[in-house]
Amino acid sequence: MADELLRVENLKTYFYTLRGVVKAVDNVSFTLRKGEVMGLAGESGCGKSTTAYSLINLVPPPGRIVGGHVYLDGMDLAQMSEHELRRKVRWKRISMVFQGAMNALTPVYTVGYQIAEPMIYHAGMDKQKAMERVEELLSLVGLDPGIAKRYPHELSGGQKQRVVIAMALALNPDLVIADEPTTALDVVVQAQILNLLKELQRKLKMSIILITHDLSIIAELADKVAVMYAGKIVEWGPADVIFTEPKHPYTQALLRAIPRLRGPIDKLIWIPGTPPDLVAPPPGCRFYPRCTKVMDICRREEPPMIEIGKEHYVSCWLYAKR
Amino acid sequence: MGLARFASVQIINALIVLLVVLFIVTALFTNLADQEKKAAIEEAVAQMKPPASLKTKAEIQKWKEEQKQILYEREGLTKPYWQRVFGYMVDALELNFGEANHMASFKTQSKKVSRIILEALPNTIILFTTATLIVIAIGIYLGMKAARAAGKLLDRTISFLAMLSASLPMWWVGMLMLLLFSYKLNWFPSNAIDVYVAIRHASNILVELKDWIYYMTLPLITVVLVSFGGFAYVTRNIVLGVMNEDFVMAARAKGLPERKVIYGHVLRTASPPIVTMSALSIIGSLGGAIITETVFGWPGMGRVYWVAIQENETAVILGETFVTVFLFVATIALLNFIYGLLDPRVKVG
Amino acid sequence: MSVTMSEWAYKLRNFWREFKRQKIGLLGLALLIILVVLAVAAPLIVNPDYEKNWNLAEYWKDNPIDAPPCWVQIFSSKKYAPQRVYVWMSNDTRKQSPNIKVVLVKKGRGYAIYNVSMHYNYLWDVPPNNIKLELYVRHKTNSTKYPVFDLYLTRPDGAVLKLANRQSMTTNITSSLSSMNLGRDIRSILLEFASHYVNTTGVQPSTIKPLQVIFSKAGKGMLAGKTPPLKGEYTFTFKIIFTEPSDKVVEARMVIMGSCYGLLGTDALGRDLFAGIIFGIKWALIIGVLTSVISVFTGVFYGIASGYAGGWTDEALMRLDQVVYSMPVLPLLILMAAIWRPSIWLIILFLAAFGWPGIAIVTRSMALQLKEELYVEAAKAMGASGWRIVFRYIVPQTMPYAFASIALSVPGAILAEAGLSYLGLGDPLAVTWGKILHDASMANAVLNNLWWWVLPPGLMIALVGLTFVFLGNALDRVLNPRLQR
């Protein structure tokens, strides 16, 4: 693909727990271009965050990457040593914007220091220059540069989220992974952050992987959407196509479940059932127990990934030509 | 809140505690001290020779009573109880504790209680501060190692050692040390107070230092041995708790070198509770100092306290109690202050 | 949330299931059960009179002093002479040991000669600590015609030593070999005996150890204990001449004070240290548990009261808490004990009086959090009184922390009391391990390498402490789960 930035092939990340092996990410593949925004959608527990952490090999034990490839500029990140990853990839090429609910900021250091940290230790900048850049970044995200001297507990949720975004941009990465960047925020602040992200992406032209369960956010920002279910990608393609002509039953159900502000007030249609146990997923298609269009073959065999449009893929037997 | 205000709050708190405790102890003691004074006066009066002019027994008796009253007045025993308590308190705050009956200070053999305490105090501080510093160093090192290798052999050993050290009497371990290293093997001396005899023969400061180290080794090893396990274990718990926090993963994601993550982010965040723990550790070992020093004969505050109790030296006891409480309270205040320095959530906002 | 009876049963079962998974908790529980059983069954394991008479030196006079436990023989090639008591009583044929024979030798007008022979078959390498010979005679009151006696010792090698010559028996005889002087110092007698075999010029009688010399072969080095042990039959013979017709021998005793004694040896008074250890168990348990329970419950209720009340009450209570927390417990305890010599119950109360502040602080922060919970608000809206809310909603949720704290506070209490007893300030009537160590220190046990006196009490203190630490650890893990494993 032209100006391809990231190519993920058959990524598998399993968690080795006392209960058994949890196949959190099972054979996930997608590609991402330079400057493209991809939304990664799905319910909680479907494996989106784990996929993101797997890209820079930051999966906490007892999990680890068991197979597959993550190609960035010819390097396979899944095979790289911790040392190399740290030196070459983390934060320099790929950085993360963490959930607002998380304590991504260390309580004992000022936020300015924490933003500057990767610049000082990673890129070898001297302190003075780094702090100048910190002020630049803070302005960029719409904060008063004086905030650099504050401690995390002194900031509001929205301010902290902006700090985390500024931090992610510190080394001008090619790819920013945004993990539920607006989930813990109230609606007004959510809108502000979204607008900020849009603006930044337009200005700096970096790629973004936007992880969220909230499809409306994806609709605002993403060029491409990948829908995950039970550790697998069930559909991915251009955003406008996915939203207007979803092909996978799960995608369709998700979109149906979103309440609309305008239009006739119908009953809310939700998806009955629960996601499968990832230690012992059902054979065949993982969605079949909840699928309205389930067929016999779905119970037996896993559907392959089928191209049904320009860069539009779906993993469903409905579209397999037999 | 600002650093200055935070510090003053600590100091005020400490002073309040000090005054309250001083008041309680003094009130309890005044009674005892009075009884002693009265007995001393009775004895002195009994020895007195009545003037030749008095002949009858009744007259002599009356004269003796009068003498007693004069002495009572002089010693202030006729004043109301609470006034005397207050008087003792003021004395204590001025660090005037009076004199001991028989006891004398270690170096200068002075009978002044303040001197006795002043010469014994540094010994206690040297022993226990050195021990605590060693324990902190070993404890943090082992605790962090155990936290990073959680569940493995080192970790489990440390857990067990911690449990052991919470159950072992420090002074009993001291007895065992003496039994083995002092009496059986003759490697170390058995009565540390002999250090004062030894240093009189010391030719220069280096030899004197060597003598001190020689006498201090066994008690030092005992204190460290019994304390490090617990400290390492609590460090391990704190560090483990911090390592599971999100910001640690965030720091790793930022590509920071592992050393920076562990020492810069984890240890730094864990330091406030570790400092609190150090405070408790020092206080704990100081509290038990009395017995430990007695076992080894270490010439410190604890031993002075013990001897004073046995010899009924009320003035020394009162002075020691005051100084001990003062040390306790000051240490707690100091460590609260350091906690405030290390944890911005406390002092700012 | 509030809980009902059946919910309690369900919770209890769940708790037990979780607890069983903690190996260390089970170990602690097992140890606790063993300790409790030993404490309760103490009168069956050890003679309870030992405890009543613990401080009575008289009671222990037949026991060897500073004797090691008998199992040390396993590790040494030498055999130790065991404790034996031989009694002969004239009026009770059942109490007449075969080792003691009282025989009328000759009777004449106005006199009677009796031989009282005591036989000791010595088969060991390490001679007894001491041998006490006792002879009780019924003598006509106010009569000046006292019996007269000789005392001979016949050794297996045929040597006969005269230990007493024509001594007048004005009182009953109770003499032990180590310091026997019935007219003549036994050490001089032995020195004379030795002079037949070695050069004894310049040797002072005071340097001679009687039991060592008596039970060793005669020959070079016999005074220094360098000769091999002389095994065989030893006989002590009292030849008594009665001149008062009604006089007779009433009782004869030979006490062999073993070179080893029992399971844990003896102390400087001859007390059975194993008994002492057993008696100490119940005190350790009582002190530990009682102190912890009192201080933890005080702390919990104090903390809840302070946290729930809030405002000025909270401030005031917390100031008081700070004051008590900052007081140095042990020095004050030692001081109080030195002045008032309290009983063990007062000591427990004093310890508990200083143990609650830490618990109160933690409980208070729990209460602060809990009182913001929605169900508390709901209860208030329904008109529940403060008491009801506290007891139904807040207290039950602090119980897990309380129980873990109780277990974890026990070792501290035991150590504090042990320290106090070690200094001699504990309850003098209670046989605690600290007291045993105090006696050891007074008798210079450390200096004299009496390890069986010094080691066991400390080990037991540690063991009981560990038991509760194990329990507390397991309780903490089950009741206060953290995401740490």
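The values are calculated or read from the model by the stated rules, or taken from the named source; none is laboratory data. Quick caveat: nothing in here was measured; it's all calculated off a predicted structure. Virtual Cβ from ideal backbone geometry, glycine too; neighbours counted across all protein chains shown.
Look through the range C:306-317, keep the residues that are touching a helix residue (DSSP H, G or I) at 6+ places or on another chain (Cβ under 6 Å) and not small (G, A, S), and return whichever of them is farthest from the other protein chains (Cβ to nearest Cβ).
Just the residues of the range C:306-317 that are touching a helix residue (DSSP H, G or I) at 6+ places or on another chain (Cβ under 6 Å), to begin with: C:306-308, C:314, C:317.
Right, trim to not small (G, A, S) and you get C:308, C:314, C:317.
On the way: C:Y308: 23, C:D314: 16, C:L317: 14 Å.
Filtering first and then ranking leaves C:Y308.
Which of the residues spanning the range A:225-253 are over 12 Å from the mean Cα position of the chain (by Cα) and within 18 Å of A:L6 (Cβ to Cβ)?
Residues of the range A:225-253 over 12 Å from the mean Cα position of the chain (by Cα): A:229-253.
Of everything in the range A:225-253, those that are over 12 Å from the mean Cα position of the chain (by Cα) and within 18 Å of A:L6 (Cβ to Cβ) turn out to be A:I233, A:W236, A:G237, A:P238, A:A239.
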(request) Mind listing whichever residues of the range A:88-111 are within 23 Å of A:D179 (Cβ to Cβ) and either among the polar types (S, T, N, Q) or free of Cβ contacts under 8 Å to residues at least 40 places away in the same chain (or both)? (result) A:K88, A:V89, A:R90, A:S95, A:Q99, A:M102, A:N103, A:T106
(message) Residues that are within 28 Å of the chain's Cα centre (by Cα) and among the aliphatic types (A, V, I, L, M): does the range B:34-41 have at least one?
(response) no
(request) Name, by its number, the condition in (1) over 30 Å from B:P299 (Cβ atoms); (2) of a type in the set (A, V, I, L, M, F, W, C); (3) within 14 Å of chain C (Cβ to nearest Cβ) that does not hold for B:F29. (result) (1)
(request) Among what's in the range C:404-456 and is of a type in the set (S, T, Y) and facing another protein chain (nearest Cβ under 9 Å), pick the residue that is farthest from B:K184 (Cα to Cα). (result) C:Y422
(request) Sort out which residues of the range A:98-114 are surrounded by 21 or more Cβ atoms within 10 Å (Cβ to Cβ), within 13 Å of A:A166 (Cβ to Cβ) and either at the interface with chain B (Cβ under 10 Å from one of its Cβ atoms) or not β-branched (V, I, T) (or both), and write them in order of number. (result) A:F98, A:A104, A:L105, A:G112, A:Q114
(message) I need the full set of residues from the range C:207-248 which are touching a Lys or Arg at 6+ places or on another chain (Cβ under 8 Å) and among the aliphatic types (A, V, I, L, M), in order please.
(response) C:I208, C:I214, C:L230
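Conditions (1) more than 19 Å from the chain's Cα centre (by Cα); (2) more than 7 Å from every other protein chain (Cβ to nearest Cβ); (3) surrounded by 22 or more Cβ atoms within 10 Å (Cβ to Cβ), marked per residue:
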{"site": "B:I309", "(1), (2), (3)": "no, no, yes"}
{"site": "B:L318", "(1), (2), (3)": "no, yes, yes"}
{"site": "B:L327", "(1), (2), (3)": "no, yes, no"}
{"site": "B:I332", "(1), (2), (3)": "no, no, yes"}
{"site": "B:L335", "(1), (2), (3)": "no, yes, no"}
{"site": "B:G340", "(1), (2), (3)": "yes, yes, no"}
(message) Just to be sure I understand, how many residues within the range B:224-241 are within 20 Å of B:M170 (Cβ to Cβ) and within 11 Å of chain C (Cβ to nearest Cβ)?
(response) 3
(request) Give the residue that is nearest to C:M89 (Cα to Cα), with candidates limited to residues of the range C:101-128 that are at pLDDT below 90 and outside any strand (DSSP E or B). (result) C:G110
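Among the residues of the range C:255-292 satisfying the criterion of being hydrophobic (A, V, I, L, M, F, W, C) and touching a Cys at 6+ places or on another chain (Cβ under 9 Å), which is nearest to C:K435 (Cα to Cα)?
At the first step, the residues of the range C:255-292 found to be hydrophobic (A, V, I, L, M, F, W, C) are C:255-257, C:260, C:263-264, C:268-269, C:273-275, C:277-279, C:281, C:283-287, C:289-290.
Narrowing further to those that are touching a Cys at 6+ places or on another chain (Cβ under 9 Å): C:260, C:263.
Details: C:C260: 23, C:L263: 19 Å.
Out of the qualifying residues, it is C:L263.
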(request) Inspect the range B:164-173 for any residue being touching a Lys or Arg at 6+ places or on another chain (Cβ under 9 Å) and surrounded by 17 or more Cβ atoms within 10 Å (Cβ to Cβ) and give the result as yes or no. (result) no
(request) Can you confirm whether the range A:263-272 contains a residue that is at pLDDT below 85 and within 20 Å of A:L40 (Cβ to Cβ)? (result) yes
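Residues checked against (1) small (G, A, S); (2) over 13 Å from B:F228 (Cα atoms); (3) away from every other protein chain (no Cβ under 11 Å):
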position	(1), (2), (3)
B:G143	yes, no, yes
B:K152	no, yes, yes
B:P169	no, yes, no
B:G174	yes, yes, no
B:Y183	no, yes, no
B:S190	yes, yes, no
(request) Go through A:V59, A:V97 for me and flag whichever is β-branched (V, I, T) and touching a Phe, Trp or Tyr at 6+ places or on another chain (Cβ under 8 Å). (result) A:V59
(request) Filter the range C:424-447 down to the residues that are aliphatic (A, V, I, L, M) and in contact with a Phe, Trp or Tyr (Cβ under 7 Å, 6 or more places away or on another chain), then identify the one that is farthest from C:L351 (Cα to Cα). (result) C:L447
(message) Quick check on A:P107: is it at pLDDT 85 or above, within 28 Å of A:E154 (Cβ to Cβ), touching an Asp or Glu at 6+ places or on another chain (Cβ under 8 Å) and not assigned by TED's automatic domain parsing to the domain that holds A:A219?
(response) yes
(request) Please indicate, with yes or no, whether at least one residue in the range A:29-39 is surrounded by fewer than 22 Cβ atoms within 10 Å (Cβ to Cβ), under 15 Å from A:V227 (Cβ atoms) and out of contact with any helix residue (DSSP H, G or I) (no Cβ under 8 Å at 6 or more places or on another chain). (result) yes
(message) Looking at the range A:277-295, can you tell me whether even one residue there is in a strand (DSSP E or B) and either crowded, with 21+ Cβ neighbours inside 10 Å or not polar (S, T, N, Q) (or both)?
(response) no
(request) For the range B:297-307, name all the residues that are more than 17 Å from B:I283 (Cα to Cα) and within 11 Å of chain C (Cβ to nearest Cβ). (result) B:W306
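Each row is one residue, and each column tells you yes or no for (1) in contact with a helix residue (DSSP H, G or I) (Cβ under 6 Å, 6 or more places away or on another chain); (2) surrounded by 20 or more Cβ atoms within 10 Å (Cβ to Cβ); (3) on the phi > 0 side of the Ramachandran plot.
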residue	(1), (2), (3)
A:V188	no, no, no
A:A191	no, no, no
A:L194	yes, no, no
A:M228	yes, yes, no
A:G231	no, yes, yes
(message) I need a count of the residues in the range B:84-114 that are on the phi > 0 side of the Ramachandran plot and not hydrophobic (A, V, I, L, M, F, W, C).
(response) 2
(request) State whether the residues of the range C:341-356 include one that is within 7 Å of another protein chain (Cβ to nearest Cβ) and in contact (Cβ under 8 Å) with a residue 60 or more places away in the chain. (result) no
(message) Any residue at all in the range C:131-145 that's closer than 30 Å to C:P69 by Cβ and touching a helix residue (DSSP H, G or I) at 6+ places or on another chain (Cβ under 7 Å)?
(response) yes
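So which residues in the range C:155-166 are farther than 14 Å from C:I186 by Cα and of a type outside the set (A, V, I, L, M, F, W, C)?
Going through the range C:155-166, the residues farther than 14 Å from C:I186 by Cα turn out to be C:155-159, C:166.
Hits for the range C:155-166 are C:R155, C:P156, C:D157, C:G158, C:R166.
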(request) Kindly indicate whether any position in the range B:102-117 is at pLDDT 80 or above, under 30 Å from B:F228 (Cα atoms) and in a helix (DSSP H, G or I). (result) yes
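Which residue is farthest from A:R87 (Cα to Cα), if the candidates are limited to the range A:124-170 and must be among the polar types (S, T, N, Q) and either away from chain B (no Cβ under 14 Å) or surrounded by fewer than 21 Cβ atoms within 10 Å (Cβ to Cβ) (or both)? It would help to see each step written out before you state the result.
Initially, the range A:124-170 is screened for residues among the polar types (S, T, N, Q), giving A:128, A:139, A:156, A:159, A:161.
In the following step, the residues that additionally are either away from chain B (no Cβ under 14 Å) or surrounded by fewer than 21 Cβ atoms within 10 Å (Cβ to Cβ) (or both) were identified as A:128, A:139, A:156, A:159.
Values: A:Q128: 22, A:S139: 28, A:S156: 33, A:Q159: 29 Å.
Only one residue tops the list, namely A:S156.
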